[in-house]
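Below is one structure, written out as structure tokens; the observations come after it.
The values are calculated or read from the model by the stated rules, or taken from the named source; none is laboratory data. Nothing here was measured: the structure is a model prediction, and the numbers come from that model. No Cβ is skipped: glycine too gets one built from the backbone with ideal geometry, and neighbour counts run over all protein chains shown. Side chains are part of the model used for accessible areas, which takes the heavy atoms of the whole protein and leaves out ligands, DNA and RNA. Shrake-Rupley method; radii C 1.70, N 1.55, O 1.52, S 1.80 Å.
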Amino acid sequence: MKILRAFFFTAITLFAFHNVAMAATEQQSINELSKLLDQAKSMTGNFTQVTLDATGTRLQETNGELVLKRPGLFRWHTSAPQEQLLISDNQKIWLYDPDLMQLTIQKMDQRMSHTPALLLSGNVSEIQKNFKISSKTTGKLQSFVLVPKDKESLFNSLTLTFNDKTVNGMQLVDNVGQRTNITFKNIKMNVPVDSKLFKFDPPEGTDVIEE
């Protein structure tokens, strides 16, 4: 569950004058974030994920590939040497660790529905209900800070950044100040995605834990 916790703790029209940063009202921020997320019915790409402690010391760096499909489907594959696979079909989440030959299956409860990957792939109409949102725009760069209304959330704040209306970064901060910075690259939106990618059949001999 280490990578699952790291991923969960450590997964947007607003216009501004050119090269001038301007804050938006909360409703403007909600409308723009929803618009930007809703434009991507599917998304593929690569990511680099860096976890830092409260002092800024680097704890971990991983790389991998992601596939998202709206609503609620995602595949998050972290590459070796710390290989793990995280999959959701919008009802369950599978976490597979090939080194341990272990698969953990969890139901998609309210807390899990607030995870970063599901924010990118989920139902945008739920955003306003679950988060307080603020935003800032500087030229083609847009940043959105999401603060969960639920005190039981898996993170304290989540910042999403977009460059020219394409998501390019995410930062999560947990309740002890640990930060996870995720940089997205080679993002392609609205490309055909095989729904079979969001199902997982464990290899023979896998230890299955269902929570």
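Solvent exposure of the stretch 47-114, expressed per residue, is 46 Å² of accessible area, with all protein chains present and a 1.4 angstrom probe.
Taking a 1.4 Å probe, which of Val176, Val147 shows the most accessible area, and what order do the others take after it? List each step's numbers first, then the result.
Details: Val176 100, Val147 60 Å².
Result, largest first: Val176, Val147.
Among the GluC sites (Glu not before Pro) in the stretch 59-104, none is located in a DSSP loop while being surrounded by at most 13 other Cβ atoms within 10 Å of its own Cβ. Placing a label point 7 Å from the Cα of Ile105 along the Cα-to-Cβ direction, the residues of the stretch 186-211 whose backbone N falls under 20 Å from that point are 195-211.
Here the Karplus relation 6.51 cos²θ - 1.76 cosθ + 1.60, evaluated at θ = phi - 60°, turns the backbone of the stretch 194-199 into coupling constants of 6, 5, 5, 5, 9, 10 Hz, with x for every Gly and Pro. Within a straight-line Cα-Cα reach of under 27 Å, Lys188 can be paired with the following lysines, leaving aside sequence neighbours fewer than 8 residues apart in one chain: Lys35, Lys41, Lys69, Lys92, Lys136, Lys140, Lys165, Lys196, Lys199. A 1.4 Å probe over all protein chains sorts Met108, Met43, Met101 by accessible area into Met101, Met108, Met43, starting with the largest. Under a 5 Å amide H cut-off, with hydrogens placed 1.01 Å from N, Asn156 pairs with Val173, Asp174, Asn175 among residues at least 5 apart or on other chains.
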